[in-house]
Amino acid sequence: MDIKRIPLINREISWLYFNDRVLQEASDPTVPLIDRIRFLAIFSSNLDEFYRVRVATLSRLSNLNEKAKEILGYNPKKILNQIKNIVVRQERKFNNLYENIIVKQLAEEKIFILNDKQLNVTRGAFVKGYFRERLLATLVPIMLDDNLPLPELRDRAIYFFVKLTKNKKSRYALIEIPDNLSRFVVLPDTNNLKFIILLDDIIRYSLEDIFFIFDHDTIEAYSLQLTRDAELDLDREVSEKFIDALSKSLQKRRRGKPMRLLYDTEMPMDMVGYLVNKMGLHSESLIPGNRYHNFKNFISFPNVGRPELEYASYPPLPVEGLSFGKSLMGMIANKDYLVSTPYQSFDYIIHFLREAAIDPKVKEISIALYRVADNSRVIHALINAAKNGKKVNCLVELRARFDEQNNINYSSRLEEEGVNVLYGLGGYKVHSKICLVSRTEKGKLVHYACLSTGNFNEKTARIYADHTLFTASKRLTNDLVEVFKALKQNAIPKGLKHLVVSPVDSRPAIYKLIDTEIKNAKAGKPAYMILKMNSLADEQIIAKLYQASNAGVKIKMIVRGMCCLIPGVKGYSENIDVISIVDKYLEHSRVHIYCNGGNELLYLTSADFMTRNIDNRVEVGFPIYNEELKKEIRDIINLQLEDNTKAREINSHNTNKYHKTNSEIPHRAQIEIYNYLKNKN
């Protein structure tokens, strides 16, 4: 199959349609009001990262003109224009949703977000007091000079662009809004009415206190936010040839090229023009926004109203057969266990590491970390293990996008405490989620493994839906010993029998599994695949899936994010159905199920079907051999395939239409998965 001619949707455009599904959740009146605000915040945060990395890469490539078109297969300038058009439409939808729906529904709940024009005398006095006590000393305006360049604006910081006018003459200033204070200030109640004001409006209300030394007739301030090119992380989806050429222009991320200027649509055009000229911005970089930027802060919007304004929190469920009061390794020695977070407690992983840290028979702990929580209990357990005389090997991926500084800090601390810190492989990110504990039993070394689809991060484990396997199976642990042995030697793991490890094994293993289904379909045998992942963009794998579809293999997919494959295209993908689930928890697990002639094979993995995961990262996929656990994962996948409440269909029209099933009864997978696991105990 000619890859250049297969039907594909551009990955950037596909990602934008994913973010539109997030916006759908914010629009859904059945979602609790405070959580709708949080989905708006997620949408905004997603878009920031998209501009910093994906649009930044495209912008750099667009400068290569015809050569970029030749290698990429599309015109990056054309895609940038499409992105601008889609984002402007989405921003309009976002602004309308927040200003005309969310704010009004908050008012119906007797919760009012006040701006600087809506304060009465009493609340005005409270705001002035707060400003003078907490804010005034932190605000130092930058007065702008027409003859000097505009000062460097910090990436994603919020600024007020201020105009002071006297006798039709204007002078301009910038004020950076502090990011070390809560964005929201709760004002005193009145008659059971709740009032909240943003830090932005407290500053607007107090502008005269800031600029009192300047003689002026009028003063006005409009917010803006600049998103810069995050050039430290060049995207390896683009050919290595391009990466080598582009990497020569790397700058510090905070000084990267301006990618997007989000500005208040109320800002007068003379002020917009001033910024454009001073910053040398192109038209596609200008995104009109609303009064408030950095909306990601709204993820912490306070619920000052009824508890029902938020999703109910469900207590983490126990895992049948596992007990915090007994040795986990003692139980794992007898059988495999599966932990499905956030439905079940991440504390099992912490308990496993704590036990390893204090068990006199444990000699060595090896772990790979990609992203960890602030004040990480995982890190604490590893440090305590080292203090207890264990040999602790910790591979920390310093290039985890936007977590680099956090990981550098933890690496230094681990080294200071005696942990043997490894820093991954040159040219390859280590994205695996693996841990191996080696214990002396009856004079022999016995290994216990923890393999996961998600990070060893107790914070994200509360909202990311992942699967973690505990096993002492020699088939898996012996392979994992070899994986860590290779990583310690700064080498790529090879020659494994059971684990599927990128960048060597994954592509041939995936092709072999798909080829088996193709062979069986052609022989008239049952043939199907069920594949769940975050993203699908690798063109060679997409071509292979199209080949399988044409052979009669039935393929069902659950892809949360970008999906470059187009289902239902005649001659290519008539046997492929794709849904995307966006709900309270972020669907993060990667699950592969292959019919295999009726003897189903089931794999969990840390890798998506992205070129970077298959060819440019160290990823670990692992088979599930325990029949009970296979059934449990299969049951969970079946519940997700039946979702007709939060699942959307992926199709050529990119309409994000809600998925319809044969059932007239509403099915919401995340609720049903919780109840399913609850009933197992």
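Laboratory data are not the source of any read-out in this text; all were calculated from the coordinates shown. The shown structure was predicted, so the numbers you read here are calculated from the model rather than taken from an experiment. Here the Cβ is made from the backbone with ideal geometry for all residues, glycine too, and neighbour counts use every protein chain on show.
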### Task
Output the peptides 519-525, 571-577 sorted from most to least packed, where packing is the average of other Cβ atoms within 10 Å over each peptide's residues.
571-577, 519-525
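Can you tell me the mean projection area, over all orientations, of the convex hull of region 328-497's alpha carbons? Units nm², please.
Working: hull surface 38.2 nm².
That works out to 9.5 nm².
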### Message
How charged is the neighbourhood of S182? Take every other residue with its Cβ under 15 Å from the Cβ of S182, and add Lys/Arg as +1 and Asp/Glu as -1.
### Response
-1
### Message
Using only Cα atoms and rounding to the nearest 10 degrees, what angle (0 to 90) does helix 121-130 make with the longest principal axis of the chain?
### Response
60
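Using Cα-Cα distances under 8 Å and only pairs 6 or more residues apart, what relative contact order does the chain have, in percent? Each step should come with its number before you reach the end.
Values: 1249 pairs, mean separation 83.6, N = 681.
Relative CO of the chain lands at 12 percent.
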### Fraction of beta bridges assigned by DSSP in the chain that are antiparallel (%, nearest 5)
65
### Query
Does region 604-681 come out rounded, prolate or oblate, given a ≥ b ≥ c as the square roots of the eigenvalues of its C-alpha gyration tensor, rounded meaning a/c under 1.5 and, failing that, prolate meaning a/b above b/c?
oblate
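Need one word for region 617-657: rounded, prolate or oblate. Basis is the Cα gyration tensor (sqrt eigenvalues a ≥ b ≥ c); a/c below 1.5 gives rounded, then a/b vs b/c decides. Write down the numbers at each step before the final one.
On the way: a/c = 4.53, a/b = 1.58, b/c = 2.87.
Judged from the Cα gyration tensor, region 617-657 comes out oblate (a/c at least 1.5, b/c at or above a/b).
Using a simple charge model, +1 on the beta-carbon of Lys and Arg, -1 on the beta-carbon of Asp and Glu, nothing else, what dipole does region 467-516 show about its Cα centre, in debye to the nearest 20?
On the way: 8 positive and 4 negative charges, 28 e Å.
I would put it at about 140 debye.
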#### Entry: Cα→Cβ-extended label distance, 7 Å offset, between Y423 and N85, nm
4.6
### Task
Could you pull out every one of the lysines with an alpha carbon less than 17 Å from that of K522, ignoring same-chain neighbours closer than 8 positions?
K512, K544, K554
## Note on the structure
Quick calc: nm separation of the 7 Å Cα→Cβ label points for N409 and R132 -> 3.5
### Task
For a footprinting-style exposure proxy, rank T516, T471, T122, T265 by other Cβ within 10 Å, fewest first.
T122, T265, T516, T471
### Query
Extension gain I213-N638, at 0.36 nm per residue separation less the Cα-Cα distance, in nm?
146.2 nm
### Normalised convex hull volume, the chain, alpha-carbon set, Å³ per residue
180
### Summary
Yeah, region 548-681 with a ≥ b ≥ c from its alpha-carbon gyration tensor (a/c under 1.5 is rounded, else prolate when a/b outruns b/c, oblate otherwise) is rounded
### Query
Counting other C-beta atoms within 10 Å, which of T460, T165 has the fewest, and how do the rest follow?
T165, T460
### Task
Starting with the fewest neighbours, write out E672, E108, E12 ranked by other beta-carbon atoms found within 10 Å of each beta-carbon.
E108, E672, E12
